[in-house]
Amino acid sequence: MELLLKYFPALSQEQIRQFALLPKIYSEWNEKINVISRKDIDNLFERHILHSLSIAKFIEFKSGTKVMDLGTGGGFPGIPLAILFPESRFHLVDSIGKKLKVVEAVKDEIGLKNVFVFHARAEEMSFQYDFVVSRAVAPLADLLAWTKGKYSAKDHHAVHNGLICLKGGNIDEEISVVKHARKIPIAGYYNDDFFKDKFVVYCEH
């Protein structure tokens, strides 16, 4: 929790309460449904929560923003972002139903009212979004193909509506085949070693 407050010192008491509950809830559920690797569960704040929130260092979602978390798995990056931006609406989408049991439980236990869970593929979603977020799910070209036609036409932010992904390692080749892709080093936001080869990648739709 101390690490989170180091980089997000303006959290409300309600946000602090919600974030503080996550390690216990995820540890208990991880015993039943393995959504987080065993070695990462003890580093939940750094490797999952703070990592997810690097998107919030790139963009501050305005009130009313509609966001799809594609391939949310256990709820990352969607759950941490939903806590941070309670006035935005988050659709957490995954094709693997058992993982969504964990997401539903987390949402209910911490009292998130702005999260909606869908057992579906991105292509099947009939809504329009300002942004789609994703973490290490698939190559950028695939993500853009799956979300084609899912973006609303009206922009409300400093950057155009589009896809925001969390990626790691050497991704230059992956980015080179996508137009309008930007790679932002997360190490510019956080000075912890874990983030030195990790990036926020933004693609205008």
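Details
- Single residue of HIS180, HIS156, HIS160 found to be touching a Cys at 6+ places or on another chain (Cβ under 9 Å) and surrounded by fewer than 20 Cβ atoms within 10 Å (Cβ to Cβ): HIS180
- Among the residues making up the stretch 164-182, those that are part of a strand (DSSP E or B) and either touching a helix residue (DSSP H, G or I) at 6+ places or on another chain (Cβ under 6 Å) or among the small types (Gly, Ala, Ser) (or both) are ILE164, GLY168, ALA181.
For (1) modelled with pLDDT under 95; (2) assigned to a helix (DSSP H, G or I); (3) of a type outside the set (S, T, N, Q), each residue gets a yes or a no:
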{"site": "TRP29", "(1), (2), (3)": "yes, yes, yes"}
{"site": "LYS39", "(1), (2), (3)": "yes, yes, yes"}
{"site": "LEU50", "(1), (2), (3)": "no, yes, yes"}
{"site": "PHE76", "(1), (2), (3)": "no, no, yes"}
{"site": "ILE79", "(1), (2), (3)": "no, yes, yes"}
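- In the stretch 183-205, the residues that are part of a helix (DSSP H, G or I) and either touching a helix residue (DSSP H, G or I) at 6+ places or on another chain (Cβ under 7 Å) or not charged (D, E, K, R) (or both): ILE186, ALA187, GLY188, PHE194, PHE195
- Filter result (in a loop (DSSP other than H, G, I, E, B) and either out of contact with any strand residue (DSSP E or B) (no Cβ under 9 Å at 6 or more places or on another chain) or surrounded by fewer than 14 Cβ atoms within 10 Å (Cβ to Cβ) (or both)) within the stretch 105-119: GLY111, LYS113
- Residue-level analysis places VAL102 among those that are buried (at least 18 other Cβ atoms within 10 Å of the Cβ), in a helix (DSSP H, G or I) and in contact with a helix residue (DSSP H, G or I) (Cβ under 7 Å, 6 or more places away or on another chain).
The values are calculated or read from the model by the stated rules, or taken from the named source; none is laboratory data. Remember, it's a predicted structure, so these values are computed and weren't measured experimentally. Glycine gets a Cβ as well: all are built from the backbone with ideal geometry, and neighbour counts include every protein chain shown.
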